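The values are calculated or read from the model by the stated rules, or taken from the named source; none is laboratory data. Owing to the predicted nature of the structure, the values given are computational and were not obtained by experimental measurement. Methodologically, a virtual Cβ is constructed for each residue, glycine included, from the backbone with ideal geometry; neighbour enumeration extends over all protein chains shown.
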Amino acid sequence: MSFYIVGTAGHIDHGKSSLVKALTGVDPDRFAEEKRRGMTIDLGFAHLPLPSGNEIGFVDVPGHEKFIRNMLAGAAGIDVVILVVAADEGIMPQTQEHFEILNLLGVKTGLIALTKVDLVEDAIWLELIETELREELKNSFLADAPIIRFSAKTGQGKEELIKALDNAVKQAEPKKTNLPARFPVDWVFSKPGFGTVVRGTLWEGEVYVDQQLLLLPQNEIIRVRGIQSFGQSLNKGIAGQRLALNLASITKQRLKRGDVLVEPGFYRPTSTIDSQLTLLPKAAKLRQGEEVLFYHGTKETTAKVRLLETDEARPGATYLAQFRLTEPLVARRGDHFIIRRTSPLRTIGGGSIINPYPPPRHRFHQEVISLLDLLSKADDKTYCLEIIREKGIMEKSELNYYLVDSKEKIEEVIKSLLNEGKILTVGHFLIFVDEFNAKLNTLLTLLEENQKKNPANPYLSKESLRSSLKIAKPVMEKIIKKLEGEGKIEVSEEKIKLKKEEGMSEIRTKVEEIFLKNPFSPPSPQEVAAMFPAKQKEAEQMVYRLIYEKILIKIGTCYFHRQAIEKAKILIGEAIKKRGPLTPSEIKELLSSTRKFVIPLLEYLDRQRFTRRVGEKRDLIK
């Protein structure tokens, strides 16, 4: 048996709650005000065993535009949607907005219920409504979905609807039980004799009675005292189920919708995310720095958008963006979100999370754009490698927060990267190989500088060197051990000095000549090393030493000699003064280089306030 969440969607008073009641016998409208007003205000729930043996939990959402925030809290976890359209009215504004939200949330399976057919006697009218639906939903995930004519009053279409639901859930991807548990809270209450109870959909993993879960963002360990699903007591809850968790030692007042219970060690709150953002075709433009309402899971907060490629996002297009959130949320790579404008209150777009724990990003920076584009499409191994590359050195356990998978899967990824020689492990640290080499060569440079300044006392303490390198002791010891084994340093208790390196000045001269010979198409450290068959390590280390000394300037993934940068400024400056602003292609020809090198170089010159973008061209800053 598998468990799925089926959500209703559609305009107010189109019969969503009546449909759920007709199928399950349960009225999802829980509150007296809902029954008095005849409209759904908050989320309602029911369940239904299917003929196949699978079981679905219904999340009935409000249709009124005033309660979209409640609709979003329920829609985030659904696997299958029933788009409800009243036969006597057809497609209405909230029908469209709900459907747009479902698309943005990545829902891929569903069906259409044409309700209240008992109110329509004209068969031609029904055919016109169905034609309108097909036209509206073409090129969407519901393009070929069955349309079931249904009446909650007469029971017409009930068996057909149940059969269509059974087929739809078979096409849906089951929620994953082998991942660390994540349970977004959508309802909190207190029950006499039990205490605090939270309800929600278990998105991933499994939960057990007496299990210790981490409550976020409060960062408290909470014990699960009991588990129920639609009134049935369970020892274990499985991903895809609607669950009520009875929590020990916490009051109702300390919890709210949007909080999340997770397996410890795999999630932490974040206030900044990297994302891929898509605006709806009918949305207004979104400007850099604009504040929006941000919805993720059952959480609602405000956020400021930082557009990374443009100053203005246009309707129907997709962009890379970083959001800075007013309140922290609990997210993982691949999660979907929705954004709404505060005035007028309207859904304008949504997207998926690329990196839930990013550093601040430079705008209009090709290296950043290329990285996020790669991360958005990467498999698990590539994703982890790029995270380690960006951080340089990170604790092994921190990778859990980025991958959020079984411990076995994470170990498998680490082992593969180790076998390929792309990372090193030192104790509980993961180190990108280039970062390790850079730290190693920085240490050599520090020793060399000290030897020149203090020839009578060439030793430096391990601790002072470690402090300068800003690395942990195990990493420091690994570097020392490597250099000592290569005969490059002498270690005396807690002090280190440089051994005389024969021929290094000659290698230095040759390495610099290589970079100056190809000033605007410089080689990588590995390519330089390959030019010294007998002394590859020494040559590569010399590149990193020159970087430390700022003789070579790292720009993106390229390394330019500082003389090359000055030469580029002269050539570009003279050309712009003579010809006016230049395109990257014109600068590429001017420098006899390629786009791979010219774009990062131009972005560097922009940051140095030498040039500035004018449309697609570069001009000098006066």
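Could you grab me the full set of residues in the stretch 1-35 that are part of a loop (DSSP other than H, G, I, E, B), among the small types (Gly, Ala, Ser) and either crowded, with 23+ Cβ neighbours inside 10 Å or modelled with pLDDT of 85 or more (or both)?
GLY10, GLY15
Determine which single condition ASN103 fails, assuming it passes every other condition in (1) within 22 Å of VAL6 (Cβ to Cβ); (2) in a helix (DSSP H, G or I); (3) in contact with a Leu (Cβ under 7 Å, 6 or more places away or on another chain).
(3)
Let's see how each residue does on (1) at pLDDT below 90; (2) over 30 Å from VAL260 (Cα atoms); (3) surrounded by 21 or more Cβ atoms within 10 Å (Cβ to Cβ):
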site	(1), (2), (3)
ILE147	no, yes, no
ASN167	no, yes, no
ASN178	no, no, no
PHE189	yes, no, no
PHE194	yes, no, no
VAL198	no, no, yes
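Quick check: is even one residue across the stretch 519-534 of a type outside the set (Val, Ile, Thr), in a helix (DSSP H, G or I), in contact with a Lys or Arg (Cβ under 8 Å, 6 or more places away or on another chain) and within 24 Å of PHE364 (Cβ to Cβ)?
No, because not a single residue in the stretch 519-534 is of a type outside the set (Val, Ile, Thr), in a helix (DSSP H, G or I), in contact with a Lys or Arg (Cβ under 8 Å, 6 or more places away or on another chain) and within 24 Å of PHE364 (Cβ to Cβ).
Checking the structure you have, find out if any residue of the stretch 212-228 is within 19 Å of LYS175 (Cα to Cα) and surrounded by fewer than 16 Cβ atoms within 10 Å (Cβ to Cβ).
Within the stretch 212-228, none of the residues are within 19 Å of LYS175 (Cα to Cα) and surrounded by fewer than 16 Cβ atoms within 10 Å (Cβ to Cβ).
Which numbered condition trips up SER467, out of (1) surrounded by 13 or more Cβ atoms within 10 Å (Cβ to Cβ); (2) at pLDDT 90 or above?
Condition not satisfied by SER467: (1).
Quick one: would you say ALA284 is surrounded by fewer than 21 Cβ atoms within 10 Å (Cβ to Cβ) and either among the hydroxyl-bearing types (Ser, Thr, Tyr) or over 21 Å from the mean Cα position of the chain (by Cα) (or both)?
yes
Here are some conditions: (1) at pLDDT below 90; (2) closer than 14 Å to TYR559 by Cβ. SER521 meets all but one. Which one does it not meet?
Single failed check for SER521: (1).
Can you find, within the stretch 346-369, the residue that is farthest from the chain's Cα centre (by Cα) among those that are within 18 Å of GLY334 (Cα to Cα) and not in a loop (DSSP other than H, G, I, E, B)?
The qualifying residue farthest from the chain's Cα centre (by Cα) is GLY349.
Kindly indicate whether LYS108 is touching a residue at least 60 places away in the same chain (Cβ under 8 Å) and either farther than 25 Å from LEU279 by Cα or assigned by TED's automatic domain parsing to the domain that holds ILE348 (or both).
Here the answer is no, as LYS108 does not meet what is asked.
For the stretch 189-210, how many residues are in a loop (DSSP other than H, G, I, E, B) and either in contact with a Phe, Trp or Tyr (Cβ under 9 Å, 6 or more places away or on another chain) or not charged (D, E, K, R) (or both)?
Matching residues across the stretch 189-210 total 7.
In the set LEU591, LEU552, which member is touching a helix residue (DSSP H, G or I) at 6+ places or on another chain (Cβ under 9 Å) and either more than 22 Å from PHE436 (Cα to Cα) or aromatic (Phe, Trp, Tyr) (or both)?
Going through LEU591, LEU552 in turn, the sole match is LEU591.
Identify the residue in the stretch 414-461 that is touching a strand residue (DSSP E or B) at 6+ places or on another chain (Cβ under 7 Å) and farther than 30 Å from GLU386 by Cα and, among all such residues, is surrounded by the most Cβ atoms within 10 Å (Cβ to Cβ).
LEU447
Pull out all pairs, ordered by first then second residue, where Cβ-Cβ is under 9 Å, the residues are six or more apart or on different chains, the first lies in the stretch 198-221 and is free of Cβ contacts under 8 Å to residues at least 40 places away in the same chain and under 22 Å from GLU327 (Cα atoms), and the second is among the hydroxyl-bearing types (Ser, Thr, Tyr) and buried (at least 20 other Cβ atoms within 10 Å of the Cβ).
Note: no pairs meet the criteria.
Count, please, the residues in the stretch 581-613 that happen to be touching a residue at least 12 places away in the same chain (Cβ under 8 Å), assigned to a loop (DSSP other than H, G, I, E, B) and either loosely packed, with under 12 Cβ neighbours inside 10 Å or of a type in the set (S, T, N, Q) (or both).
5
Checking the conditions here, which among GLN541, GLN563 is out of contact with any Gly (no Cβ under 7 Å at 6 or more places or on another chain), polar (S, T, N, Q) and crowded, with 19+ Cβ neighbours inside 10 Å?
None of the others qualify; the one that does is GLN541.
Could you check the stretch 544-560 and list, in sequence order, the residues that are buried (at least 20 other Cβ atoms within 10 Å of the Cβ), in contact with a strand residue (DSSP E or B) (Cβ under 8 Å, 6 or more places away or on another chain) and in a helix (DSSP H, G or I)?
Of everything in the stretch 544-560, just one residue is buried (at least 20 other Cβ atoms within 10 Å of the Cβ), in contact with a strand residue (DSSP E or B) (Cβ under 8 Å, 6 or more places away or on another chain) and in a helix (DSSP H, G or I), namely LEU546.
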